[in-house]
Amino acid sequence: MFKCNVYLCGGWCFGYAFKCWCIFVTSSLCGVFCVSVFVSKEDVREFLRLNIISQIVLVKEKLKFFERKYGCSFEEFERRVREGKEVFEEWDDYIEWKAYVESLRDLEEKLGQVENAKDIKVT
């Protein structure tokens, strides 16, 4: 026969910025494992919102890098690359910069969807 202990704890789960409740079961055979995690729909919305915002921050840092590197906005750089002599490094940067611009647009759209979501279902 083995001894099994059950603990209920609440707090900031797994380093994420939302509160949850966990039931931990410990035994000499199985170690520690989390049986259940309970979070509210608002906690899920906030987690998603913060996750998207953190991605937006990273993308904006990349956009600022290119703006500093070339001393102009993406639109100006795009016009310059398309009209000027072909420089491979600039074309490579153009492709990457454009991907970050599109990524920012997509992330901002997702953020709006999460913030305006009326019906969140947790399964």
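Every number here is computed from the coordinates shown, using simple stated rules; none is lab data. What you see is a predicted model; the values in this text were computed from it and never measured. No Cβ is skipped: glycine too gets one built from the backbone with ideal geometry, and neighbour counts run over all protein chains shown.
Kindly indicate whether any position in segment 35-42 is in a strand (DSSP E or B), without any contact (Cβ under 8 Å) to a residue 24 or more places away in the chain and polar (S, T, N, Q). Yes: one or more hits. Among the residues of segment 54-67, is any more than 24 Å from the chain's Cα centre (by Cα) and either part of a helix (DSSP H, G or I) or surrounded by 11 or more Cβ atoms within 10 Å (Cβ to Cβ) (or both)? No; the residues of segment 54-67 include none that is more than 24 Å from the chain's Cα centre (by Cα) and either part of a helix (DSSP H, G or I) or surrounded by 11 or more Cβ atoms within 10 Å (Cβ to Cβ) (or both).
Within segment 87-117, the set of residues being assigned to a loop (DSSP other than H, G, I, E, B) and under 25 Å from D43 (Cα atoms) comprises A117 only.
Picking from residues in segment 87-105 that are touching a residue at least 24 places away in the same chain (Cβ under 8 Å) and touching a helix residue (DSSP H, G or I) at 6+ places or on another chain (Cβ under 6 Å), the one that is farthest from V59 (Cα to Cα) is W97. Taking segment 70-86 as the range and being in a helix (DSSP H, G or I), under 31 Å from the mean Cα position of the chain (by Cα) and exposed (fewer than 12 other Cβ atoms within 10 Å of the Cβ) as the test, only E75 passes.
If you check every pair at least six apart or on different chains, which have Cβ atoms under 6 Å apart with a residue in segment 54-78 that is more than 17 Å from I95 (Cβ to Cβ) first and a residue that is surrounded by 11 or more Cβ atoms within 10 Å (Cβ to Cβ) second? Here the result reads Q55/L107; I56/L107, each pair linking segment 54-78 to a residue that is surrounded by 11 or more Cβ atoms within 10 Å (Cβ to Cβ).
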